[in-house]
Amino acid sequence: MTATDPSAPPPAPVRASRRHDLDDVLRAEYRLLLRSVCTPGRIVALGALAGISLLTAVATRLGTLADPLADAVGYVNANVATLIPVAMLVLGAATLGDLIEDGSMVYLWLRPVPTWIHVLAAWMATVTVGIPLVLAPVLLGTAIVHVDGVLLVSAAVAGLVAIAAYAALFVAAGIRFRRALPWGLVYILIWEGFVASAGKTATKLAIRSYVRSILTSLTDVELKLADFSLGVGVIVPLLAGLAALAYASRRLARTDVA
């Protein structure tokens, strides 16, 4: 029997070592997916959309503003309804969806880690790209239309919630559908654009209505379908995003990536 040196440090817990390994894998995959999603084509496309949004803000500011605050809230609402979800669709659906389609996803599976690592890394990469390329121009455009501290805070909160929720939803869509872009556009343009305004039940299933409620609650400017409190407007989209990521993890575990 070998005597134990009392001065030797105790062995590291297995659980702590496992957590450290998962953190390393998460960071490595996050950097990999961040580089893969930031293609020149996507950056140019999102830059063009952001430029159109800023031109709209300038045109609104140069026009006759009957109510500057209401016009600025309308500008933010328009971006929440179009620019942010479309941008998150383009980015989120591609992070893992492109890897699954071209077969390169198998290389991420060489190291046995839970599938939620891949999904979380994809969501983080999508949000990281979306904030500077999408949210920052929206905030700049909002300031162009009307400079108001409360307005900018409401735009930032609404934009962050929208980016987090839509990114999760469309990362899941990229795993579930081979061609996620058409399905995502159907959700954005048909469901959220038209069906959600048909009744209270459909409204509850549209992220846009909750984000609008954030704007209305913080600015006191009435918007259509903004029927929820501030707390509900923030919490429900984030919970929906969490559910989408959980579903994406389960779906990815059953997806043939070879």
Just how large is the dipole of the chain about the Cα centre, in debye to the nearest 20, putting +1 at every Lys and Arg Cβ and -1 at every Asp and Glu Cβ?
600
If I model a spin label as a point 7 Å beyond the Cα along the Cα-Cβ vector, how far apart are those points for residue 255 and residue 232 in nm?
3.3
Let me check against my output: what whole-number percent is the relative contact order of region 17-253, with C-alpha pairs under 8 Å and at least 6 apart?
26
Exposure proxy ranking, count of Cβ atoms within 10 Å, fewest first, for 52, 188:
52, 188
Roughly how tilted is helix 207-219, in degrees to the nearest 10 and between 0 and 90, from the longest Cα axis of the chain?
60
Full extension between residue 247 and residue 131 adds, at 0.36 nm per residue less the Cα distance, a length in nm of 39.4 nm
May I ask you to sort 126, 203 by Cβ crowding, counting other Cβ atoms within 10 Å and putting the fewest first?
203, 126
Set Lys and Arg Cβ to +1 and Asp and Glu Cβ to -1, take the dipole of region 125-237 about its Cα centre, and tell me which of 219, 150, 206 lies farthest positive.
206
For every other residue with a beta carbon closer than 14 angstrom to the beta carbon of residue 128, add +1 if it is Lys or Arg and -1 if Asp or Glu, then tell me the sum.
+3
Extreme residue, positive dipole direction of the chain, given options 28, 82, 114 (C-beta unit charges):
114
Give the order of 106, 157 when sorted by the count of other beta carbons within 10 angstrom, beginning with the fewest.
106, 157
Angle between the chain longest axis and helix 40-62 axis [Cα atoms, degrees, rounded to 10]
30
Tilt relative to the chain, helix 230-253 - C-alpha long axis, 0 to 90 degrees, to 10
40
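Each value in this text was obtained by applying a stated rule to the coordinates, not by laboratory testing. Since the structure is predicted, the reported quantities are computational estimates derived from the model, not experimental observations. All Cβ positions, glycine included, derive from the backbone under ideal geometry; neighbour counts span all protein chains shown.
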